[in-house]
Amino acid sequence: MNRYRKSLRASIAAACLITLFAGTSGASAQEAWQGSWGASPAFPIGPELSNATIRQFVRISAGGSKVRLRFSNETSTQPLVIGAARIARPGNAPGSIDPASSLTVTFGGANSITVPPGAPAVSDPIDLKVSALDTLAVSLFLPRWTGPSVVHPLAEQTAYLSMSGDSTDTPALPEATTQTMRFMLSRVEVMAEGGTLVTLGDSITDGYGSGTDTNQRWPDILAERLAKSGGPAVGVVNAGISGNRVLHDLPEAMFGPSALSRLDRDVLSVPGLRWVVVMEGINDIGHSTSAGLSEQTVTPEDLIGGLKQIVARTRAHGVKAYCATLTPYEGTVFAHYYTPEGETKRQAVNSWIRTPDNCDAVIDFDATVRDQANPTRLRADFDVGDHLHPNAAGYKAMAEAVDLGLFR
């Protein structure tokens, strides 16, 4: 009898576990969120705002049946009061929305929220069906003083700012001025089947010199290729910050937290994450000599050690870590940024990246954009003019050099 009772209890326990896991699996399938757009916040260097409405436009990468938004107050020392937020389709005039498409954004069922310093806020799911490469307008009302605002400094996209109260539902903002920063909005997520790719990098990933309102950053063009290729949806979240480094950040607040310190926030927290492309390290090499920060000089071993940490932490989440080689920069106009010693470091880092098994795949951007006759320099037709950053044609070549099979 005791043996029977033990067997019965074991059977009941097993049935309960099966029911529990089946329920969990069903919930996961129902809540299949993935990242579709992103802009990583730097330290708070934006204008101090109060009684202001900000309208920002984003082109998402993957479509879905619902949308949710993520706002960041993670680097601020002040509470962020969001008095109202709305999402809409763009209107015909620059900075305008189609009022018929405007929807209220809520947070736990409320129209407003106070975000503590150091925290993000994620909206409730929004019943808005979107397609790959759609453009959306997000309007945000800030009724209280923000202190220096949390921004992504290099938006390469026009934002519209009105100091006339809550105009989130107004087709055109009254007395609007323009900015080329991203304010507080750090991510757009969609409910869909598929996976997410995050591109972690510096100004080359951020799209420096690609053109304002053109969506010609290399991750943008890669997103276009993925959207047109068929198969499961792949969302692309750009986590580049201009000037960013792997190992150091301050004293320049505009360059944001180091890649190592922001990896969890900007990369590993993204829903549906399956792949990471990391292209970072050129600023670790060049910035210390350019800015006279000798105490932040790095060796190849230092930088490779940082990249190893990124790869290990990414793999620990069951995510593939792809490494992109550092592109050439001899002759750059930024004083003291290029040195022969720095070039030796770049070559050493690229050699490590190209060594099998150090990363899950190699994307050889160096080979794509270098001048074949002078491989320490950018190709002239890919150079924005400063001999460090690619132009739109260079970014296009980089995106087209990526094997789409890596994301299947």
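General remarks:
- Applying 1/(1 + (r/R0)^6) with r as the Cβ-Cβ distance of D302 and T114 and R0 = 45 angstrom yields a FRET efficiency of 0.65.
- Taken along its three principal axes, the alpha carbon spread of region 50-200 comes to 40, 35, 32 Å, from the longest extent down to the shortest.
- Check: region 267-374 dipole with +1 on Lys, Arg Cβ and -1 on Asp, Glu Cβ, in debye: 480
- Dipole of the chain, positive end: most advanced residue of L378, L293, A137 [Cβ charges, Cα centre]: A137
- Taking 0.36 nm per residue of separation and subtracting the Cα-Cα distance, full extension of the segment from A348 to N92 would add 87.1 nm.
- Overall dimensions of region 173-321 by Cα: Rg and Dmax, Å: 16.6, 54
- The largest-to-smallest principal axis extents of the Cα set in region 110-180 are 36, 28, 26 Å.
- Legend: calculated FRET efficiency, V122 to T339, from the Cβ-Cβ distance at R0 = 41 Å, rounded to 0.05, equals 0.40.
- Spin-label pair D357-A291: with each label point 7 Å from Cα along the Cα-Cβ axis, the two points sit 3.7 nm from one another.
- Extreme residue, positive dipole direction of the chain, given options V246, G64, L185 (C-beta unit charges): G64
- Separation of the T77 and L406 label points, Cα + 7 Å toward Cβ, nm: 4.0
- Under 17 Å from the D169 label point (7 Å along Cα→beta-carbon), backbone N, region 63-94: 83-89
- Share of alpha-carbon pairs per 5 Å distance bin for region 215-256, given as whole %: 5, 20, 20, 14, 13, 12, 9, 5, 2
- Annotation: lysines with alpha-carbon distance below 24 angstrom to K66 (same-chain offsets under eight excluded): K129, K228.
- Average Cα contact separation per residue, region 334-408, under 8 Å, 6 or more apart, as relative contact order %: 21
- Charge dipole of region 41-185 (Cα centre as origin; +1 on each Lys and Arg Cβ, -1 on each Asp and Glu Cβ, all else neutral): 260 debye, rounded to the nearest 20.
- Rounded to two decimals, the Cα-based Rg/Rh of region 193-407, with Kirkwood Rh, is 0.94.
- Pair T158, T178: separation of 7 Å Cα→Cβ label points (nm): 0.3
A short reminder: the numbers here are calculations on the coordinates, not readings from a lab. Computed from a predicted structure; not experimentally measured. Positions of Cβ are generated from backbone atoms using ideal geometry, with glycine treated the same way; all protein chains shown enter the neighbour counts.
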